[in-house]
Structures are given as C-alpha cells and as structure tokens.
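Written below as structure tokens is the structure these notes are about.
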Amino acid sequence: MQPEVLFGHALGIAPPWEVTEVSFSKESSRLDITIGFQRGTTFPCPVCGAMVPVYDTTEKEWRHMNFFQYEAYLHAKVPRVKCPNEGCGVKQVKVPWARAGSGFTLLFEALVMTMCRDMPVNVIARLFAVTDTRLWRVINTYVEMARAQEDYSDVHRVGMDETSVKRSQDYVTFFFDLDKKKLLFGTTGNGNETVKEFVADLKTHNGDPEQVTDAAIDMSKAFIKGVKEQLPNAVTTFDPFHVIKLMNDAMAKVRAEEAKLFPEILKKSRYLFLKNPENLTSEQEQRLNAIITSQNLKSTEAYLHKLNLQNVYFAESRQEAEVLLTHWYQDASKSSLKLIKKMANTVKDHWSGILSHFDSNLTTGFLEGINSLIQAAKARARGYRNPRNLIAMAFLIAGKLRFTSLPPLPT
Ligand SMILES: [Zn+2]
C-alpha cells in the first residue's frame, strides 16, 4: 500500500478528497500530509447545498495529532465556490477534517478537549509546542457550542459563589444548579449585577427565574440584593459553609492578635483552631487541649463560640436549630471580644436566612464541594490569562456539558 493511501485511510479522508503527498522531515521533526481533490470536482455550496464548480482555492494548514514524536500537519488548497443561486455568492467550502476558521484538525481538538480534563492547559501547550492562547480559543469555542445546547427549564434551586482571580481586585461569580449539581453560569464581578446577568442567561436557556424557589448564598449584601430583585420567589439561605467560614475568620483574627502577646503558647497553632476537632491527630489534640486549658485565653473563648455555632448545624429540625442558635447568640453577643460581638450581630441580621437552611434541605455536601470545584478549575486553568478562560475551565470540570460537535477519539 502506498503511504498516501495508508494515511488517507488513517485520517478517514474520503472522496472527493484524497491524500496526494506525504513528506517526512527528520531534521524539522515534521510530518506533512497534503490533501487534494481531482480537477473538475464539484462541491456543495455551503449556503444552499447545490453542487457547484470550484471558483478559486486558498492554501491552508492544520495542526494534527502528533505522529509519534513528530508534529503532523495537514495541508490543502481549500476551494471557494461561486454559486449562481440568489443570495449565495462566493463561499469557502467546509472540509470534513476541521472546523471553519480553526488551525487545528477536529481530531487534534478532540484530543485537547480530552486532555484538559486531567491536565493543566499550559502543560498541554508545552507538550504540543503550541501557544496556550490557541488552546484556550479551542476550549472556549467548544464550551460555548455545548452551552448553547443547554436547557435550564427545570432549574429550581441555585447556589452562587464568588472567587478572586489573579489580580485580587477581580472576581468571578459562579452559579450552580443545586439539584443537578452542575455549573450553570459564570461571569466576572461579584456585585448584584452578576445575578442579573445570570437571570438573563437562564432565560436564553429556557429557564424561568420565577420558578427558582431557593437561593443559597453567602451573606454579602450584593447577593442578597441580587436575589431579592431578580429571583422574586426564591427563599434565601445563607449556606453553612460561608457562615462557618466567617466565624473561623473572626476566630483566626483573635488568635493571631493574641499570638503576638503569648507566642510561646500560641505559636503555630492556627491550624489546630481551624480544623474540626474530629480531624485532629491525637498529638494535635493534646496540644490544643493544653492551650485551651492552660490559661484564660481570648483564643479559647473564640474557639468555643465557633464550636457552639458549628454545633447548631447538627440540629435535626429548624426548631431545634433555632433554640441552639438563640443560645449561641445570647453568649456571643455578651462577649468582650469585639470580633465575636460583630459576628453575633451578623448572625442576628441574617437570622431567618441562616435558619432556612433547615427547611430547604439543600445538600450542604455539594455547597462545600463548590469551593473545591472552583479551586480545581483554578489549578487546571493555571496561568489562565483572563477570567473567561477560568470560567471555561470551570464548565469543563463542573458543567456536565455534552460536547456533541466533537468527533470521538480513535480507541
Ligand atoms: Zn448556493
């Protein structure tokens, strides 16, 4: 079998296209495959489908999957056809091995889309010696195509969360379907405007904002306002993850301040205070016990408030939770520690949203998981250059998208 015929089969090139030349250069470690068509071939007009003769051709090159360690390229003179039918004009024909406008073959793109589920994009870029910007363009294109197919008509319970991006002034906000446990939308910013943008996107995917019954958010004013204005029938729930995080932040500040006064006792104890007691090793547990029983420390007081607040979430009903939260509030509001008092006030101001967690039955597991999904997206998108790329990566990881326009990779 001639190499041209062999490569034609391997690439799935079918008439009128055929492989006309295969050239291999060891020096430049490249494999170049030229594809052509016979003179007089007619092609379908991309507008109306009528078979029409070639008008002219443009030389194009596509990067293909590596052939062992060699970079492989496809070349072809891509015809334009001049269709006599009304409104068609001169148009470039579609080639079966690549997407219009792409410098990669479909198989190469399929490989990239598969690899970037497990590997940072800049690593893949280095592996194929292409710029990561080109790969991001591919990823963004497929994510957009797949998202266009998405149907949000049965979205009822949503969760939203923000994360800072590289320059810590910038934020990206993500919106999740809490029932299907998937990412619905991501956008830059962290204001109430982001909720507006989410609702607009929801509508373009057949979603109905009036149908949204629950919104799990942190206690930021922007989200509270956004939900109130944009999701009129949603009960706001302040998710436990963010409530506890706020409490932990207050406690950590108290401890850090005090550690300056008593370094010999509190040095390197941050982790001991933040970790859930059941996750401490016995050695860590001993050390923490020694700290909290040794003196009348402010850190100990803050730590006990934190444990008591966490304990509220073990309640089995809203009623029970409210009793526990009331006790907690009564204690914390009498604290001499400013930060704890402040936390008590924050809890009071968000009282019903904190307790509605016990009615809405929102799966806390997933809410906590959201944070780690976002961290995973950040890691996978390493060096992501702009928030749009980070959002695309988050969709790959958590969007449960179906990439129907990608060819299956050979198995
Ligand atoms: Zn036509």
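Of note:
- Cα convex hull of the stretch 3-100, projected area averaged across orientations, nm²: 6.5
- Cα-projected label distance for Lys196 with Ser372, points at 7 Å along beta-carbon direction, nm: 3.6
- Working from label points 7 Å from Cα in the Cα-to-Cβ sense, the Phe403 to Leu261 distance is 5.7 nm.
- The stretch 130-207, relative contact order in percent, only Cα pairs under 8 angstrom and at least six apart counted: 26
- Relative to the current alpha-carbon distance between Lys341 and Arg385, full extension at 0.36 nm per residue lengthens the span by 11.7 nm.
- Of the peptides 242-255, 304-317, the ranking by mean beta-carbon count within 10 Å, highest at the top, reads 242-255, 304-317.
- Cα long-axis angle, helix 364-380 against the chain (0 to 90 degrees, to the nearest 10): 50
- Extension gain, Ser220 back to His327 (0.36 nm per residue minus Cα-Cα distance, nm): 36.1 nm
- For the chain: relative contact order, % (alpha-carbon pairs under 8 angstrom, 6 or more apart): 14
- Taking amide H positions as modeled 1.01 Å from N, with prolines and chain starts lacking one, the residues under 5 Å from Val235 and 5 or more places away or on another chain are Asp214, Ala215.
- FRET efficiency, Asp151 to Ser294 (Cβ-Cβ, R0 45 Å, nearest 0.05): 0.15
- Choice from Phe395, Phe108, Phe43 with maximal GNM fluctuation in the chain (Cα, 10 Å cutoff): Phe43
- Tail fraction, Cα-Cα pairs, the stretch 240-360, threshold 23 Å, whole percent: 31
- The chain: angle of helix 240-261 to the longest principal axis, Cα-based, in degrees nearest 10: 60
- Projected over all directions and averaged, the alpha-carbon convex hull of the stretch 156-312 occupies 11.4 nm².
- All Cα-Cα separations within the stretch 263-326 were binned at 5 Å from zero, giving a P(r) of 3, 16, 25, 20, 14, 11, 8, 3, 0, each value a whole percent of the pairs.
- For the cross-link pairs Lys182/Lys298; Lys94/Lys400; Lys260/Lys341; Lys267/Lys341; Lys180/Lys267; Lys180/Lys221, the ones whose C-alpha atoms lie over 32 Å apart are Lys182/Lys298; Lys180/Lys267.
- According to the Cα-based calculation, Rg over Rh for the chain is 1.13, with Rh computed by the Kirkwood formula.
- Local electrostatic count, Ala379, Cβ distance below 14 Å [Lys/Arg +1, Asp/Glu -1]: +4
- Here the convex hull built on the C-alpha positions of the stretch 1-57 has a volume of 118 cubic angstrom per residue.
- Shape annotation for the stretch 209-292: C-alpha extents along the principal axes are 56, 27, 14 Å, from largest to smallest.
- Most fluctuating residue given options Arg385, Arg39, Arg147, as computed from a GNM of the chain linking Cα atoms under 10 Å: Arg39
- Estimated FRET transfer efficiency when R0 is 22 angstrom, pair Ser352-Glu316 (beta carbons, to 0.05): 0.70
No lab work stands behind these numbers, since they all come straight from the coordinates. Keep in mind the model is a prediction, meaning the values are calculated, not measured. For neighbour counting, all protein chains shown are included, and Cβ atoms are generated from backbone atoms with ideal geometry for every residue, glycine included.
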